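First comes the structure, then the notes that go with it.
The values are calculated or read from the model by the stated rules, or taken from the named source; none is laboratory data. Quantities reported herein were computed from a predicted structural model and do not represent experimental measurements. All Cβ positions, even for glycine, are placed from backbone atoms using ideal geometry, and neighbour counts span all protein chains on display. Note: areas computed on protein heavy atoms with side chains; ligands, DNA, RNA excluded. Shrake-Rupley method; radii C 1.70, N 1.55, O 1.52, S 1.80 Å.
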Amino acid sequence: MPVGSKKGSVIFSGFRALGLYSNHLSHVVRYHKKHREFYIVTAVGNCFHTYNVKKLGIVAVSNALPEDISYLAADRMLVYVAIGKKVSAFARNKEVVHMYTGHGADVHLLLPFGDHIISVDRGNAVIVWDVESEEEYLQITFDKVSFEVSAVMHPSTYLNKILFGSSQGGLQLWNVKSNKLLYTFTGWPSGVTVLQQTPAVDVVGVGLSSGQIIIHNIKFDESLMKFQQDWGPVTSLSFRTDGHPVMAAGSPVGHIGLWDLEEKKLVCQMRDAHNTAIAGLTFLHGEPLLITNGADNGIRVWIFDTAGGGGRLLRSRLGHSAPPTKVQHHGLNGHHILSAGQDGTLQSFSTVHERFNRSLGHGSINKKKSKKKSLRYDKLKLPAITTFASESARQSDWDSIVACHRGYLMTTTWNYQKGSMGAHKLEPERFNKNRALSVHATVAKYVTALFISLKCVLSPQSGMRRGQYGEDEAHRGAVRGVSVDGLNQLTVSAGADKLVHIWKFKSRKLVHSIDLGTTPVTTHLHRDSGMLAVALDDFTLNVLDMETKRIVRKFSGHRGQVNDMAFSPDGRWLITAAMDCTIRTWDLPSGCLVDCFLVDFAAVSLTMSPTGDFLASSHVDNLGIYLWSNNTLCGMVSLRPLPADYEPTVIMLPGTCPGQDEEGEGDADLNTEMIEYESPEQLDEQLVTLSMLADSRWKNLLHLDIIKKRNKPKEPPKVPKAAPFFMPTIPGLIPQFAPSEDSNQGEQSKIVNFGVLAQKSHFYQQLESAMLSNKYDGPVGMLKEMGPSGIDAELRGLAPDMGGDVSVLQGFLKMVASMLDSKRDFDLAQAYLALFLKLHLRLISQEPGLMEEASKVSEKLEDTWTSMQTLFNQSLCLLSYTKSALL
């Protein structure tokens, strides 16, 4: 099929997403009885993730849904999600097994209720569904003016009863089996946001939009206690069940309040538990653990084991709470990706395992002050990072990362090994702080590029300035990009004056200038090959050779501004991303476009791993970092120039999937037994397949007489005086009980019946029937179940002097030939044939029919060995070349 008609990308395939953990929906906690372990289910866009609480390792990712999930609920067997007007039920945390349709508006509340699921839509309609039949069991419609359903729960021990809360502040208790309103609670002036069962029967916790929390007895319609939080509406409630009468309440600003229900007072405040609203919080049953999640893309587990009643962070999974703007691989192994987001944080994500993720934190002008006082209230905290550069060489000796911040002339250093902000803040002395912010950012980028070179212009130990390029200014406009070559000999800069200047790195003298004719947007240098890619504001690309100081390639085709560029490790490909939502791959030697695909959201940053196995990208309005695998490393990919009228197809962004190397975290089936993989008998008809039998079953067939002679007992066995009782068995590899003798049988006759002696064995009969049908699986299967002595006896019994026949000997040779043709049980075919020739070689030489059949078997055997020897030689030759060739 021609490349032009290839769907998607030829080079890249979606692999997985990094840094996606949670959104604004509340999590669900499930308990698996067989594993005796708690699991957390969180929604992420149009799918949901399942984590174990023990390690917060991801164990399952659901299949993607056509729309984003609007609500999440779960029971012991199924996970229920609301998408638009539909409700889907997932089994094994992965595939949809039930679909419930019938709502006239979007569903926003779900409640599993035994064999039923209750759903509430925005039109104020409540439908009770039968889970298995997917049929509507009951529908209740409320007047939206007087009672708009905002919360729903099932009171413990209340059979068939459901408690509804309204945005008007009232409560209603219904019997869903009889479809009757049992009781109406007057309620409160503020709307009900949360209903939660307390550890006590008949008592529920009610959270209101005014921030008030009511502990209410629904049996007597009596409020037992009231609390008030000052952080806005109550977003979630949970109660400890490990012997401590403590209630936790979430707020829209990320704080958690802990209330003592016996003393009726606030005992602790967990401020800034999340950067955004607390979406959900749950105390694990019988354990001092609190699980929280929020819209800041974070899951946290808190443990209450300290004095004062507060919780400390036990473990967490954190991503960016705002879309990342810059991603870059750090190190030479390609296992770590640095990411700067609009949330102001700098984070490192591991492509190997989530436990290696780390956050370097948020930048602050006054680092010491921010430690004493929460950074959230630090007025001098730095804004988001716009760009950064890193170098892993000697990163243990000094800060290895330097970053620019939006609107700031000053650049900051970061220490990767310590996982924190560095000691220095780099700021040129000759610029005063009243200059335009755009100039500040440009100069900061200029300093950044110079800092991360193998011999730094700005000293990482002291942070002192070492020089500048140009007497007064390097360019007559904003500097759009600066790079240093791999040998620290040349520095190249591009400016808004449409010029590219090449400078001596040490002496800082101007060597050469190139007029681009158009204003550059950004630059990217491949330091090993000395190729500089320049993106222009007319959406074209120029490639400059630093050695010849000439433009060697020009590419056009993008229909939007180029956001970022990346080279392949060998410098052969230039990969570009633009605002036209395309990711294009240009082949530099041929000067052609060889790959192009569309994504739903424009990529803002690209980075290729140093090993060339993955391309990482970040996209507009997306919190994750998306990995694309390089198909050329896994197989042959034919790259041809794409035509000028090539229309790329849209590829969905890859989803999150569990790592293959996680210990104890790969069981995605939490409800059923583990399904064992059964390997097929033969992977391919062209492959030679061994029998996988033990060597003792076939390897010693030729030496059986020697083994018998060696193992011959010196003395006859002695019968014990009082032998214990054993059931008689038939000799063989598979134990079988001997048939019982007839008790009425008379005295055994001493006359020898020669007909019995000449009786054919079961294998002999199977071989005769196989000769007629030309299917030899039956006799081969019988030989595979026999031991060496049994096989030897059966092959001896084929001879005419032992009651056999020449035609049966021919049938055995045909059986061996069929084994060679199928290329199965190759080792057994060799062993059986060797023993057969050893026993019947003289007879074969005397019978023309046997000689003819043996010649056919010999030819097939020689052809098979020749083919195998050719493959062995090819593999050895390739291995020898890779070990000795200079690549």
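Values for this structure:
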| item | result |
| --- | --- |
| On Cα atoms only, tilt of 826-846 relative to the major axis of the chain in degrees | 20 degrees |
| Highest to lowest packing among 549-561, 86-98, 66-78, scored as the average C-beta count within 10 Å | 86-98, 66-78, 549-561 |
| Residue-normalised accessible area of region 21-141, expressed per residue, 1.4 Å probe, Å² | 40 Å² |
| Label-point separation in nm, D68 to S350, each point 7 Å along Cα→Cβ | 3.1 nm |
| Ordering of 15-21, 770-776 by burial proxy (mean other Cβ atoms within 10 Å per residue, highest first) | 15-21, 770-776 |
| Karplus (6.51, -1.76, 1.60) ³J(HN,Hα), θ = phi - 60°, over region 389-403, in Hz, Gly and Pro reported as x | 9, 9, 8, 7, 5, 6, 6, 7, 8, 7, 5, 10, 10, 10, 9 |
| Reach of K264 by Cα under 17 Å, taken over aspartates and glutamates that are not fewer than 8 positions away in the same chain | E222, D230 |
| Where W586, W398 fall by accessible area, highest first, once all protein chains stay in place (1.4 Å) | W398, W586 |
| Positive-end residue of H424, T157, A770, charge dipole of the chain with Cβ unit charges | H424 |
| Approximate spin-label separation E847-L633, in nm, with each point projected 7 Å along Cα-to-Cβ | 6.0 nm |
| Per-selection Kirkwood Rh - region 21-141 (Cα, Å, 1 d.p.) | 14.5 Å |
| Extension gain (nm, one decimal) between L313 and S590, 0.36 nm per residue minus Cα-Cα | 94.2 nm |
| Candidate aspartates and glutamates - alpha carbon under 15 Å from K180, same-chain residues fewer than 8 apart omitted | none |
| Mean projected area in nm² (Cα convex hull; one quarter of hull surface) for region 229-318 | 5.2 nm² |
| Efficiency of FRET between V650 and Q228 - r from beta-carbon atoms, R0 56 angstrom, step 0.05 | 0.65 |
| Distance between modelled label sites at S696 and S769, nm, 7 Å Cα→Cβ extension | 3.2 nm |
| Three principal axis lengths of the chain [C-alpha, angstrom, descending] | 121, 89, 58 |
| Highest-first arrangement of 164-173, 249-258, where packing means the average Cβ count within 10 Å | 249-258, 164-173 |
| Total charge dipole magnitude, region 229-318, about the Cα centre, Cβ charges on Lys, Arg, Asp, Glu only, Debye to nearest 20 | 220 debye |
| Long pairs among K85/K177; K54/K265; K34/K55; K784/K856, criterion Cα-Cα beyond 26 Å | K54/K265 |
| 0 to 90° range, to nearest 10: angle between helix 437-451 axis and the chain longest Cα axis | 40 degrees |
| Farthest toward positive dipole pole in region 21-141 [+1 Lys/Arg, -1 Asp/Glu at C-beta], among A64, L110, H35 | H35 |
| Residue-averaged [θ]222 nm for the chain, counting only DSSP H segments that reach four residues, each worth -39500 (n - 2.57) | -5000 deg cm²/dmol |
| Percent RCO, i.e. relative contact order, over the chain, from Cα pairs under 8 Å lying at least 6 residues apart | 8 percent |
| Within the accessible area of the chain (1.4 Å probe), percent carbon and sulfur | 53 percent |
| Ranking by accessible area, most exposed first, for L693, L642 with a 1.4 Å probe | L693, L642 |
| Helix axis angle, 848-884 relative to the chain longest principal axis, alpha carbon, degrees | 30 degrees |
| Protein-only accessible surface order, largest first, of H840, H116, H285 at 1.4 Å | H285, H116, H840 |
| Aspartates and glutamates with Cα under 20 Å of K418, excluding same-chain neighbours fewer than 8 positions away | E354, E391, D397, D399 |
